[in-house]
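Asks: First the structure, which I've put down as structure tokens, then a few questions once you've had a look.
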Amino acid sequence: MNADRFPGPARARAGKAPARLTIRLPRALRDSIVAHCLAQQPLEGCGLLLGERHGRAAHIHEALPAPNVLASPHRYEIAPETVLAADRAARASSRTLLGAWHSHPRGAAVPSATDRAEAWPDWCYLIVGLAAPQAPELRAWRVLGEDFVEDGLEIT
Amino acid sequence: MSRIIVLIPPPLRPFAGGAAELAVEATTVGEALKRVGEERAALLARIMTPEGELRPYVNVFVGERNARHLDGLRTPLAEGDVVAIIPAVAGG
């Protein structure tokens with residue numbers, strides 16, 4: 001975990017039982033995320049999540065694909081201009097930029113060391129594992145305290 | 001002094017009392033960020049280093065333009081400017 005980015009408050013929560021969320025993702029968005037990631041193979045695909053968060057549930061309303069400016073099979077990065085545009089779109093529609101999604105082209109849908117180093121606390125990260133491309137795996141993660149916890153993912 | 005709106009991104013809102021935006025009086029980007037952080041030390045710590053530099057995982061836009069491509073924290077602001085704090089989105 002990048003201690004530089006998580007001084008104080010995030011660490012103060014460590015030790016408490018993690019408060020897991022339920023991420024509600026419409027099936028059509030799930031399918032579009034997976035399709036985008038498969039189309040980017042062997043590079044990592046990525047994008048941003050817009051929606052609403054109420055209590056212990058987050059409702060995803062949009063899954064915007066974004067160019068991976070690193071064009072890498074091992075890393076992804078979304079241009080800040082793209083994040084700015086998504087944040088503006090979210091604000092204009094009374095929604096929130098809830099998080100991001102990306103693929104692991106040859107790996108499982110679990111956070112990598114790089115994901116741990118670069119994640120923002122309490123933000124939703126959906127990971128698409130394509131170790132078996134014919135059976136893509138999608139899981140939801142969020143940093144609480146010093147590490148990721150897995151959230152519930154409900155395909156609606 | 002100019003009145004500036006600073007947009008707070010969702011990952012940093014817990015450190016801004018949940019606010020999505022804050023209004024401050026400032027004449028430069030650096031001043032606006034310091035004003036935002038005056039009573040929010042945890043927020044400021046995530047935006048700027050103790051030496052007063054912008055953290056590498058954070059970008060700041062003045063309107064459509066990235067302050068890193070202008071004059072950084074010294075970028076001048078005018079009345080009504082909107083300053084957006086944008087988190088880097090990356091991983092592996």
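The values are calculated or read from the model by the stated rules, or taken from the named source; none is laboratory data. Only a predicted model underlies this, so the values are computations on that prediction, with no experimental measurement involved. Methodologically, a virtual Cβ is constructed for each residue, glycine included, from the backbone with ideal geometry; neighbour enumeration extends over all protein chains shown.
Asks: Could you tell me whether the stretch B:71-90 includes any residue that is at pLDDT 95 or above and touching an Asp or Glu at 6+ places or on another chain (Cβ under 6 Å)?
Replies: Yes, there is a match, as at least one residue in the stretch B:71-90 is at pLDDT 95 or above and touching an Asp or Glu at 6+ places or on another chain (Cβ under 6 Å).
Asks: Sticking with this structure for a sec: Could you list all residues from the stretch B:38-71 that are touching a strand residue (DSSP E or B) at 6+ places or on another chain (Cβ under 7 Å) and small (Gly, Ala, Ser)?
Replies: Listed by number, the residues that qualify are B:Gly63, B:Ala67.
Asks: Now, a different point. Yes or no: A:Leu48 in contact with a strand residue (DSSP E or B) (Cβ under 8 Å, 6 or more places away or on another chain), in a strand (DSSP E or B), facing chain B (nearest Cβ under 10 Å) and surrounded by 16 or more Cβ atoms within 10 Å (Cβ to Cβ)?
Replies: Spelling it out, A:Leu48 is indeed in contact with a strand residue (DSSP E or B) (Cβ under 8 Å, 6 or more places away or on another chain), in a strand (DSSP E or B), facing chain B (nearest Cβ under 10 Å) and surrounded by 16 or more Cβ atoms within 10 Å (Cβ to Cβ).
Asks: Scan the stretch A:20-45 residue by residue and report those that are in a loop (DSSP other than H, G, I, E, B) and not polar (S, T, N, Q).
Replies: A:Arg20, A:Leu21, A:Pro26, A:Pro42, A:Leu43, A:Glu44, A:Gly45
Asks: Evaluate the following for A:Glu52: is it among the acidic types (Asp, Glu) and within 13 Å of the chain's Cα centre (by Cα)?
Replies: No: the conditions fail for A:Glu52.
Asks: Buried (at least 17 other Cβ atoms within 10 Å of the Cβ) and modelled with pLDDT under 95: does that describe A:Arg11?
Replies: no
Asks: Quick one: would you say B:Ala45 is touching a Phe, Trp or Tyr at 6+ places or on another chain (Cβ under 9 Å), within 12 Å of chain A (Cβ to nearest Cβ) and buried (at least 20 other Cβ atoms within 10 Å of the Cβ)?
Replies: no
Asks: Right, something else. From the list A:Ala131, A:Ala140, A:Ala135, pick out the single residue that is more than 8 Å from chain B (Cβ to nearest Cβ) and touching a Cys at 6+ places or on another chain (Cβ under 9 Å).
Replies: Criteria check complete, one pass: A:Ala140.
Asks: Answer yes if at least one residue in the stretch B:50-57 is surrounded by 16 or more Cβ atoms within 10 Å (Cβ to Cβ), not aliphatic (A, V, I, L, M) and not in a loop (DSSP other than H, G, I, E, B), and no otherwise.
Replies: No: the stretch B:50-57 contains no residue that is surrounded by 16 or more Cβ atoms within 10 Å (Cβ to Cβ), not aliphatic (A, V, I, L, M) and not in a loop (DSSP other than H, G, I, E, B).
Asks: Only one of B:Val24, B:Val36, B:Val6 is surrounded by 19 or more Cβ atoms within 10 Å (Cβ to Cβ), touching a residue at least 60 places away in the same chain (Cβ under 8 Å), among the β-branched types (Val, Ile, Thr) and not in a loop (DSSP other than H, G, I, E, B); which?
Replies: B:Val6
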